[in-house]
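The values are calculated or read from the model by the stated rules, or taken from the named source; none is laboratory data. These numbers were taken from a predicted model, which means no experiment stands behind them. Methodologically, a virtual Cβ is constructed for each residue, glycine included, from the backbone with ideal geometry; neighbour enumeration extends over all protein chains shown.
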């Protein structure tokens, strides 16, 4: 289980994260919802050690992560798909994927077949440059690259942003497969309520840097979550 307790973060004089406490159970898909600018991306960057925390704690199972550098968190099973994908446009699809395995002690000789099974389009385009792919294909590439480190916890920041609806649904099905068939734990930051509700086991809602609601994914309608995140 990922456990976050009393996490605070500041940018200059602005208090961005305010005593954030939440859990992400193992083997489930947890969605963090909220409007733009409420601190969701900052929280994910704190989880990965990209941004230091002012105070509070982060733990994955029995392992305290709060003071670990990013590469050590990856070695302990965390993987991150950032907002905007950040693929390498001049590298081929296959080279982009292999970059994701750089943290492993032994680099694989090639891309494992299960990555291409999850994302068949990547196999078809493995010799093409990443920058030549569509936005939806690049998002699948970013997720595939993260999976190359064989993580236990996959963290994604708004993977549906700017993606056509058919690819959004495909990404949703893939995330559920990762949880149900591969026993992966997933933490997903999302704005689109319908997409989140369709795939979430658990949810949390953030507003102005604070967690204001949480519960079972099946209860999102009854809990009034749509109204909490409405612009």
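Details
- When residue 228 is tested against (1) assigned to a strand (DSSP E or B); (2) modelled with pLDDT under 90, exactly one condition is not met: (1).
- Qualifying residue in the stretch 86-93 (condition: surrounded by 13 or more Cβ atoms within 10 Å (Cβ to Cβ), closer than 30 Å to residue 180 by Cβ and in contact (Cβ under 8 Å) with a residue 40 or more places away in the chain): yes
- Which listed residue is in contact with a helix residue (DSSP H, G or I) (Cβ under 8 Å, 6 or more places away or on another chain), assigned to a strand (DSSP E or B), within 11 Å of residue 81 (Cβ to Cβ) and touching a residue at least 12 places away in the same chain (Cβ under 8 Å), from 141, 156, 175: 156
- Residue in the stretch 98-113 that is modelled with pLDDT of 95 or more, over 17 Å from the mean Cα position of the chain (by Cα), farther than 19 Å from residue 156 by Cα and not in a loop (DSSP other than H, G, I, E, B) present: no
- Within the stretch 94-121, the set of residues being closer than 23 Å to residue 167 by Cα and free of Cβ contacts under 8 Å to residues at least 40 places away in the same chain comprises 94, 95, 111, 112, 113, 114, 115, 116, 117, 120, 121.
- Of residues in the stretch 191-222 being touching a strand residue (DSSP E or B) at 6+ places or on another chain (Cβ under 8 Å) and in a loop (DSSP other than H, G, I, E, B), the one surrounded by the fewest Cβ atoms within 10 Å (Cβ to Cβ): 208
- Total residues in the stretch 194-222, condition more than 16 Å from residue 155 (Cβ to Cβ) and modelled with pLDDT of 90 or more: 20
- Per this entry, residue 32 is counted among residues that are closer than 22 Å to residue 186 by Cα and crowded, with 21+ Cβ neighbours inside 10 Å.
- Some residue of the stretch 182-190 being in contact (Cβ under 8 Å) with a residue 60 or more places away in the chain, within 10 Å of residue 136 (Cα to Cα) and surrounded by fewer than 17 Cβ atoms within 10 Å (Cβ to Cβ): no
- In the stretch 124-138, the residue that is nearest to the chain's Cα centre (by Cα) out of those that are loosely packed, with under 15 Cβ neighbours inside 10 Å and assigned to a helix (DSSP H, G or I) is 135.
- Hits in the stretch 59-97 - residues which are farther than 25 Å from residue 171 by Cβ and assigned to a helix (DSSP H, G or I): 71, 72, 75
- Taken over the stretch 9-58, the criterion of being assigned to a loop (DSSP other than H, G, I, E, B), under 20 Å from residue 213 (Cβ atoms) and in contact with a strand residue (DSSP E or B) (Cβ under 8 Å, 6 or more places away or on another chain) is satisfied by 25, 28, 34, 35, 38, 39.
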